[in-house]
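Please treat every number below as a calculation from the coordinates, not as lab data. Predicted, not measured: the structure shown is a model, and the values here were computed from it. Don't worry about glycine lacking a Cβ; one is built from the backbone with ideal geometry, like all the others, and counts go over all protein chains shown.
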Amino acid sequence: MSTALRIAVAGLGTVGAGTLRLLNENAEVIAARAGRALQVTAVCARDRSRDRGVDLSGCQWFDDPVAMAAEAEADVVVELIGGSEGAAKQMVEAALAAGRSVVTANKALLAHHGTALARQAEAAGCTIGYEAAVAGGIPIIKGLREGLAGNNVSRVYGILNGTCNYILTQMSAGGGAPGNPVERQSFEAVLSEAQRLGYAEADPSFDVDGVDTAHKLAILTALAFGCEVDFDAVFVEGIRNVSALDVSYAEELGYCIKLLGVAQQVNGAVEQRVHPCMVRIGQPIASVDGVFNAVVADGDFVDTTMYEGRGAGAGPTASAVVADLIDIARGTVLPVFGIAADRLSRLPTLPMERHSCAYYLRLLVLDKPGVIAEVSAVLRDADISMESMLQRGRAQGEGEAVPVIIMTHETSEAAMRAALDRIAGLEATLEPPQLIRIVDF
């Protein structure tokens, strides 16, 4: 039997403890598949006294993760601290400087520093495993980097945040009459329940504002298209403005609402965007509910492939961490983003203003003669064609508020934004108009 792969783990929270349990409970099958045993020799955590369900008495303890990365008797370092700066970044750099490969679940770190870290790893003859950083237990990194290696990938998109998917799924439960949101829960109510159940953090901003999805999308973009990681180029819009009324009308119109991350190549440029989408009911990704994630990749020879599974949690994320450790134990060292870091291209960015699609618009206007004509004139002047309009009933009295739903034909983001600014300035408009982009995959 070959010498065991020695592993140093920084961070013994939910994922770290889950990784230790998986390595312990499945040690025999892991060793058989890796060709040698995987042994945790060093750990770094704040609380040494906490019971994590695994015997760590034989491990070397460190208080400083950077010192552990540089000094531990280990072949590979696992970073499960989190955060794009500070200790996480410093310990990964220290591990690579010491010639040790790294496994991480840290999407923020890779989204902000992935290209530089890839260059450092490859210069040191090491690798960075990050299957756990995107979509939890779904093997999408291996799928793109290895399974689709022979394809030109034109588009990758998906549901990349389980918290948002859970919230939108729960908001769509209930029902009632078409267009009637009475029996549906509000965003705020479902978010509160998600926090109680542990699906959302006390501060849910990274999730519900789309930042977590954007981190993951930036990584997938680099891997899919062989370009440098460019988080700053991602357009990001979260789900805070999605209302129960939107969910109800979407269903009536044959759609559901999902927060998607979408990356695609358009005429030699890369478009990266995160925002709520109206997805036609019946499309495979529309049926992915609850805390599940899903990723779709389009390749020129493979056509469309879809990967679905749990995107977070101790078990799924630990599964991804250990998969990377097994690859390293086997001696598999691949370029971090599929091709050598010095060959990653700097593709031009397609700004969101040039994006083109159909739109769902929700307006709250005074119920009085001439209002719809004013709105229609604004859209006409912006060369935006309406496909349909819905107004359920009338207000109790003339001059009271009513919601109006408009579906447009395809138009540019720039034209739509300009039109919404004008509609918002109309005397009859009572609150900022809301839009949701309609996707057609």
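Can you divide the C-alpha Rg of the stretch 250-398 by 2.2 N^0.38 Å and report the result to two decimal places?
1.53
I need two numbers for the chain: Rg to one decimal and Dmax as a whole number, Cα atoms only, in Å.
Just the Cα atoms of the chain yield Rg and Dmax of 24.3, 84 Å.
The stretch 353-438: Rg/Rh from Cα coordinates, Kirkwood Rh?
On the Cα set of the stretch 353-438, Rg over Rh gives 0.96.
Could you give the angle, 0 to 90 degrees to the nearest 10, between helix 371-381's Cα long axis and the longest principal axis of the Cα atoms of the chain?
60
Quick check on the stretch 15-83: what does the Kirkwood estimate of hydrodynamic radius come out to from the alpha carbon pairs, in Å?
Across the stretch 15-83, the inverse of the average 1/r is 13.0 Å.
By how many degrees, 0 to 90 and rounded to 10, does the Cα axis of helix 314-330 deviate from the longest principal axis of the chain?
50
How large is the dipole of the stretch 146-287 about the Cα centre if only Lys and Arg carry +1 and Asp and Glu carry -1, each at its Cβ, rounded to the nearest 20 debye?
For this selection, approximately 380 debye.
Counting Lys and Arg as +1 and Asp and Glu as -1, each charge on the Cβ, what is the dipole of the chain about the Cα centre in debye, to the nearest 20?
It comes to approximately 740 debye.
Farthest toward the dipole's positive end in the chain, which of 154, 187, 40, given Cβ charges of +1 (Lys, Arg) and -1 (Asp, Glu) about the Cα centre?
Comparing the listed Cα positions along the dipole, 40 ranks first.
Have a look at 29, 165, 306 and report the one farthest towards the positive end of the charge dipole of the chain, computed about the Cα centre with Cβ charges (Lys/Arg +1, Asp/Glu -1).
Comparing the listed Cα positions along the dipole, 29 ranks first.
State the antiparallel share, in %, of DSSP beta bridges confined to the chain, rounding to the nearest 5.
Taking every DSSP beta bridge within the chain, about 65 percent pair in antiparallel fashion.
Could you tell me what percent of the DSSP beta bridges with both partners in the stretch 140-310 are antiparallel, to the nearest 5?
Expressed as a percentage, antiparallel bridges in the stretch 140-310 total about 90.
Per 5 Å bin, what percent of the C-alpha pairs of the stretch 140-310 does each bin hold, from zero upward?
Using 5 Å bins, I get a P(r) of 1, 9, 18, 20, 19, 15, 9, 6, 3, 1, 0 for the stretch 140-310.
Can you give the log10 of the normalised intensity I(q)/I(0) at q = 0.10 Å⁻¹, computed with Debye over equal Cα scatterers of the stretch 5-133?
Computed log10 I(q)/I(0) values: -0.28.
Give the peptides 70-79, 101-110, 35-44 in descending order of average Cβ contacts within 10 Å, highest first.
Descending packing order for the listed peptides: 101-110, 70-79, 35-44.
Cross-link partners among lysines for residue 142, C-alpha distance below 30 Å, same-chain residues fewer than 8 apart left out?
Filter leaves 89, 107, 216, 258.
Report the relative contact order of the stretch 140-310, percent, no decimals, based on alpha-carbon pairs under 8 angstrom and at least 6 residues apart.
34
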